[in-house]
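The values are calculated or read from the model by the stated rules, or taken from the named source; none is laboratory data. Everything numeric in this text was worked out from a predicted model, so none of it was measured. Positions of Cβ are generated from backbone atoms using ideal geometry, with glycine treated the same way; all protein chains shown enter the neighbour counts. Only protein heavy atoms, including side chains, enter the accessible area calculation; ligands, DNA and RNA are left aside. Shrake-Rupley method; radii C 1.70, N 1.55, O 1.52, S 1.80 Å.
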Amino acid sequence: MKSLVKHWTTMETSIAAISQIQDFVETTPQESPSRNGSTGFKPEIDANGGMALTLTHVSAKYSVNGSNVLSDLSLNIAPGEKVVICGRSGSGKSSFLNVLLKMIHITGDLHIGHQPSSSFGNQELRHNLNTIPQDPYFFPGIIRKNLDPDSSSSDEAIDALINRVGLENEIAKCGGLEGELAIESFSAGQLQLLSLARGVLNPRGLLLLDEATSRNSVDYETDKKMHDMIFEDFADQTVICIAEMNYIALIVWWWWIKGGL
Ligand SMILES: Nc1ncnc2c1ncn2[C@@H]1O[C@H](COP(=O)(O)OP(=O)(O)OP(=O)(O)O)[C@@H](O)[C@H]1O
Ligand SMILES: [Mg+2]
């Protein structure tokens, strides 16, 4: 009887979970890949590999009837420029990146790579920008596919980069490039490094970092390695970096001694 009750309750809980997932799949609205534009265009990259951005009177909100989280923002970012954004929590830093990725509703004029953002489909735009959020995302699958989704790099190039970020032992433990990526066996900092390695293998002209090198998630060594890579491998690309207030001075100083500002 005890066993019957135990299994019955477990089954009830499991069925409720399935029902919730089914409900989520059926009722959650999904954006269509080309909701805001046609497909087939790529953002323009200048001869050196950087991407220009122009925002003119851009306002943004998360829902059509909601209030603006960014209001009347105008700025020009030249190709290859390195921009650091800071501000208090909730001031709209991540929302700014969401604007560039067309994740939220915007009014005003946004040009990415000299072309209006409306000329790109959402998915192709996101595919053509390099984004490193605070919690990098990797999908279930083999390591090679995660690091080089377009299969545009040779095994040698990927191996060289893995050695450079110092993750050869962890990758070997997963079974090499063709092994499954076991996310749980990597630390937060190591995942950031992998994410940056993915960006180096797939240059896009624009790198967006959302508190990616925040000290909360990476140690000093990882942090230094990341800044070295950003400076060397993304030297000609446009970089927009969101950073904590107390971290700005360090980044500015770092980029300044490297001659990047
Ligand atoms: N998914 C969302 N839906 C509705 N409102 C949101 C959503 N995400 C953020 N906001 C609102 O947008 C505003 C800006 O938030 P945002 O996440 O851009 O701030 P932030 O500057 O990145 O903060 P933090 O430093 O804590 O990461 C906040 O008022 C927040 O409540
Ligand atoms: Mg944020």
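Annotation: Ser187 fulfils all but one of (1) more than 16 Å from ligand 2 (Cβ to nearest atom); (2) at pLDDT 90 or above; the unmet one is (2). Kindly evaluate Leu194 against the criterion of being part of a helix (DSSP H, G or I) and touching a Gly at 6+ places or on another chain (Cβ under 9 Å). No. Each residue in region 117-141 was checked for being away from ligand 2 (no atom under 16 Å from the Cβ) and open to solvent by 50 Å² or more (accessible area, probe 1.4 Å), and 6 pass. Restricting to region 215-261, name every residue that is open to solvent by 40 Å² or more (accessible area, probe 1.4 Å), at pLDDT 85 or above and within 16 Å of ligand 1 (Cβ to nearest atom). None; the set is empty. Among the residues of region 75-94, write down those that are over 18 Å from the mean Cα position of the chain (by Cα), within 23 Å of Asp46 (Cα to Cα) and open to solvent by 30 Å² or more (accessible area, probe 1.4 Å). If the condition is that a residue be over 18 Å from the mean Cα position of the chain (by Cα), within 23 Å of Asp46 (Cα to Cα) and open to solvent by 30 Å² or more (accessible area, probe 1.4 Å), then Leu75, Asn76, Ala78, Pro79, Glu81 are the ones that fit.
How many residues, within region 96-129, are of a type in the set (Gly, Ala, Ser), closer than 24 Å to Ser67 by Cα and at pLDDT below 90? Walk me through it before giving the result.
Applying the first criterion (of a type in the set (Gly, Ala, Ser)) to region 96-129 yields 108, 113, 117-119, 121.
After this cut, where a residue has to be closer than 24 Å to Ser67 by Cα as well, the list is 108, 117-118.
The next check asks that each one be at pLDDT below 90; those that pass are 117-118.
The number of residues fulfilling the criteria is 2.
Considering the conditions (1) at pLDDT 95 or above; (2) open to solvent by 60 Å² or more (accessible area, probe 1.4 Å), Lys42 is excluded by exactly one of them, (1). Residues in region 95-116 that are under 21 Å from Thr238 (Cα atoms), within 16 Å of ligand 1 (Cβ to nearest atom) and either assigned to a strand (DSSP E or B) or open to solvent by 50 Å² or more (accessible area, probe 1.4 Å) (or both): Met103 alone. Filtered by the rule that a residue be touching a Ser or Thr at 6+ places or on another chain (Cβ under 6 Å) and within 15 Å of His111 (Cβ to Cβ), region 58-76 gives Ser74, Asn76.
For region 49-72, a residue qualifies if it is outside any loop (DSSP other than H, G, I, E, B), within 16 Å of ligand 1 (Cβ to nearest atom) and open to solvent by 50 Å² or more (accessible area, probe 1.4 Å), and the qualifying residues are Lys61, Ser71, Asp72. Tell me which residues, restricted to region 97-116, are without any contact (Cβ under 8 Å) to a residue 60 or more places away in the chain and either closer than 13 Å to Leu208 by Cβ or within 16 Å of ligand 2 (Cβ to nearest atom) (or both). Of everything in region 97-116, those that are without any contact (Cβ under 8 Å) to a residue 60 or more places away in the chain and either closer than 13 Å to Leu208 by Cβ or within 16 Å of ligand 2 (Cβ to nearest atom) (or both) turn out to be Asn98, Val99, Met103, Ile104.
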